[in-house]
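Notes to accompany the following structure.
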Amino acid sequence: MLIAHTVEVRMTRYGQENGFERKAKAGDRIKTGSGKRGKAMKVLIVGGGGREHAIAVSMKKSSRVEQLYCVPGNAGIARIAECESSIGVMEFDKIVAYAKEKAVDLVFVAPDDPLAGGLVDTLEAEGFRVFGPNRRAAILEASKAFSKDLMKKYHIPTADYEIFDDPQKALDYLETAAMPIVLKADGLALGKGVLICNTLEEARAGVKEIMQDKHFGSAGNLLVIEEFMTGREVSVLAFVDGKTIKPMASAQDHKRARDGDEGPNTGGMGNFSPSPFYTEEVDAFCRKYIYQPTVDAMAAEEREFKGVIFFGLMLTPNGPKVLEYNARFGDPEAQVVLCRMENDLLDVVEACIDGTLDKIDLRFEKDAAVCVVLASEGYPVSYDKGFEITGLERFENRDDYYCFHAGSKFDKEGRVVTNGGRVLGVTAKGATLQEAREKAYKATEWVSFANKYMRYDIGKAIEEAPVWQ
């Protein structure tokens, strides 16, 4: 009872400190009209990376999308949507004004920061139909401490953990902790706020980096120290309408910068779908003990979740456990999952908004997809940008090859140049994972830029057999 009480108090405190407190239902969903179900619609996508490009490509396939807009967008998205690069994802007033100017019917908020910041709430207050969790629900990703306590309270399998707001207490705890161990900055850190420490010395340095040096800014005000789990990592994205959850096809990410899972953590260097390690038995377990319980737990906490939940899973010898939650499509998970989805994305999005997801038969192609990220040499630490990208025309008019832009823009001469650490997500589909992998690596040779870098072992694990039973 003491543990349960502590978790309840801590969850309430996190909500209050991060602006999620209950105030006369101020953060609740409001009804914003029926939209134009069945009619042509103008859709605005918020974001400018590879995930947003994949979303835009899928939206463009819908016969009901009359016009597609994106802020800020990138050079790839600009080929299929009207982009306004001068508006940032955290400039809420400008986004609202732009949405009104274009008279959009639906806004798709894709990145984590604006979701956590309450962009969905702001747009809904202006009468727009919006896809994505509101601020109260986005805390599922915005605070790792909240999500860990949620899992403990509702008996959702995850790693054992402790939470600290004092670096000295964290250091004291580490003195008797088993190694290796995992340190996680509580808040959003662009997918990089997780340190795997093999020795006590590394762990001490990690506490200093996160809590004292504030390498991840205010995200490190709280520190989650978690047991190190072993097994296969698998990602599962799922559509949610507040009560019903519909998992998508599984995927498998590669976070480390270099081959052999060496180097620092990144936002993701490649992905493949489906994961051969995500068996029918694993799926059945997760649906019963992880997916639906998470949706139900958020509802019980008066944080109704509508949008996409990303389940980062570890397939341990003792069964699947949750590594992390994200409150949106993953990147580059979206690139390999959406290109395999047979449904009209707009239909599914509207069902999530309207609470009718139970009426959707979510379907995916039987084929496979592999994404290899072309990055700037030196990512994620330091890198140069502004280099011209050539060969992009090779992907035109193909239905089994994609080149999703993650960090690109137009220069003053109108050329497409690099504009980030992760530049392109070269993606290919094939009848098997092996075929898709061969095609994806072949396609990486079609494009060039000065400091092009990639991993050469994306999907290598597909040659091995599933290990969890």
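Annotations
- Of the trypsin sites (Lys or Arg not before Pro) found in region 221-315, those in coil by DSSP whose Cβ has at most 16 other Cβ atoms within 10 Å are Lys243.
- Given (1) 33.8, 98; (2) 21.3, 76; (3) 21.2, 66, the label whose value is Rg and Dmax of the Cα atoms in Å derived from this model: (3)
- Take the chain with all the other protein chains still there, run a 1.4 Å probe, and you get 41 Å² of accessible area per residue.
- For GluC sites (Glu not before Pro), the sites in region 394-445 that DSSP calls loop and that have at most 13 other Cβ atoms within 10 Å are Glu396, Glu413, Glu445.
- FRET efficiency for the Asp213 to Asp160 pair, using the beta carbon distance and R₀ = 30 Å, is estimated at 0.70.
- Rounded to the nearest 20 debye, the dipole size of region 353-469 about its Cα centre is 240 debye, using +1 on the Cβ of Lys and Arg and -1 on the Cβ of Asp and Glu.
- Cα centroid of region 431-465 to Cα centroid of region 314-359, whole Å: 23
- Put simply, when 327-333, 423-429, 246-252 are sorted by average Cβ atoms within 10 angstrom per residue, most first, you get 423-429, 327-333, 246-252.
- Simple label model, 7 Å out from Cα along Cβ direction - Ala300 to Met179, nm: 3.8
- Note on Ala450 and Gln168: the model spin-label points, each 7 Å out from Cα along the C-beta direction, lie 5.0 nm apart.
- Modelled label positions at Arg258 and Thr199, each set 7 Å beyond Cα in the direction of Cβ, lie 1.8 nm from each other.
- Mean-position separation - Cα centroids, region 241-256 and region 61-110, in angstrom: 24
- Dipole moment magnitude, nearest 20 debye, region 277-429 about Cα centre, only Lys, Arg, Asp, Glu C-beta charged: 400
- Region 130-193: GluC sites (Glu not before Pro) in DSSP loop, at most 13 other beta carbons within 10 Å: Glu175
- Dipole magnitude of the chain about its Cα centre (Cβ charges: Lys, Arg +1; Asp, Glu -1), debye to nearest 20: 1000
- Legend: distances between Cα atoms for Lys214/Lys452; Lys61/Lys452; Lys100/Lys429; Lys153/Lys184; pairs beyond 26 Å are Lys214/Lys452; Lys61/Lys452; Lys100/Lys429.
- Share of carbon and sulfur in the accessible heavy-atom surface of the chain [1.4 Å probe, %]: 48
- Taking each residue as 0.36 nm, the span from Glu413 to Lys61 lengthens on full extension beyond its C-alpha to C-alpha distance by 123.7 nm.
The values are calculated or read from the model by the stated rules, or taken from the named source; none is laboratory data. Worth saying up front: this structure is predicted, and the values here are computed from it rather than measured. Cβ atoms come from the backbone with ideal geometry, glycine included; neighbour counts cover every protein chain shown. Protein only, heavy atoms only, side chains kept; ligands, DNA and RNA dropped before computing areas. Shrake-Rupley method; radii C 1.70, N 1.55, O 1.52, S 1.80 Å.
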